Amino acid sequence: MSLPPRNPTAFYTRFKQSMMIDYDAWRDGTPYDLAALKGVTPEERDLLVDEICERSSLDWRDVEALRELGTEKAIKRVGKAAQKQTDGAGIEAFMDDIEKQGWTEEIETRFIEKLERAASMTGALDRLYEIAEAHPTPAVMKQLMRNARISSDETVRYSMGAFLLELTGHVDTRYTFDTNIRPHLLDLNSDDYKTYKAAVAWLENKVANPKK
């Protein structure tokens, strides 16, 4: 761990304070104070990059900070997160690769792998849906349906099913509480095989007949 600067600037101190995330900041999704980075010295910039890059797993705030710090080491660390992490930070970093490379076969393959490993409560699902909405290719749609059918995470099954309905125009939002829709989505996690199969067939029929 690098030693802090002997006489830190107010900008450095301000940014370091913003990195201390309490429960309220975590709950509200409060980012680090990125504006403070514009005033740090080159030495402080390098120290912050070293500190964040040493973390075994990045938070989405870390990804934003490394983008803003912008050194070669920072950008490489974001790229590593894009390759290795499947949580919110990993997807946030992966979006950089999409922007730089465009939607290629390699990018699609990597995206489908991330979709397959999607888990709830990681901050990743909304970002994944944002990418899928922009690139609803047959392969992406197939993986979304696969997740709705067999994900080991019950929350992901429900969420993926609801997102497919939103993507195909059957609901305005995946957060729908429509009493004609919700029971079928809940049945994607039914312990009764016939009930589960009926829910899957219902969803597949909806997706095969989009309203938009």
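The values are calculated or read from the model by the stated rules, or taken from the named source; none is laboratory data. If you're wondering where the values come from, they're calculated on a predicted model, not measured in any experiment. Please note: Cβ atoms are built from the backbone with ideal geometry, for glycine as well, and neighbour counts cover all protein chains shown.
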Could you say which residue among Ala134, Ala119 is outside the structural domain of Arg55 (by TED's automatic domain parsing), loosely packed, with under 15 Cβ neighbours inside 10 Å and farther than 22 Å from Ser56 by Cβ? Ala134
Do we find that Leu34 is touching a residue at least 12 places away in the same chain (Cβ under 8 Å), crowded, with 22+ Cβ neighbours inside 10 Å, within 30 Å of Lys114 (Cβ to Cβ) and of a type in the set (A, V, I, L, M) in this structure? no
Matching residues, the stretch 190-212, being closer than 13 Å to Ile150 by Cα and surrounded by fewer than 17 Cβ atoms within 10 Å (Cβ to Cβ): Ser190, Asp191, Tyr193, Tyr196, Lys197
What helices (runs of 4 or more DSSP H), lying completely within the stretch 149-212, carry at least 1 residues that are touching a residue at least 60 places away in the same chain (Cβ under 8 Å)? 193-208
What about Asp50, is it within 18 Å of the chain's Cα centre (by Cα) and assigned to a helix (DSSP H, G or I)? no
Identify, please: which residue in the stretch 62-75 is charged (D, E, K, R) and more than 22 Å from Arg117 (Cβ to Cβ) and is, among those, nearest to the chain's Cα centre (by Cα)? Glu64
Test result for Arg6, more than 24 Å from Ala124 (Cβ to Cβ), assigned to a helix (DSSP H, G or I) and out of contact with any Phe, Trp or Tyr (no Cβ under 7 Å at 6 or more places or on another chain): no
Within the group Leu167, Leu144, which residue is at pLDDT 90 or above, of a type outside the set (Gly, Ala, Ser), touching a Leu at 6+ places or on another chain (Cβ under 6 Å) and not assigned by TED's automatic domain parsing to the domain that holds Ile91? Leu144
Within the stretch 76-97, is there a residue that is more than 16 Å from the chain's Cα centre (by Cα), surrounded by 15 or more Cβ atoms within 10 Å (Cβ to Cβ), in a helix (DSSP H, G or I) and touching a residue at least 24 places away in the same chain (Cβ under 8 Å)? yes
Among what's in the stretch 137-146 and is farther than 19 Å from Tyr193 by Cβ and without any contact (Cβ under 8 Å) to a residue 40 or more places away in the chain, pick the residue that is surrounded by the fewest Cβ atoms within 10 Å (Cβ to Cβ). Pro138
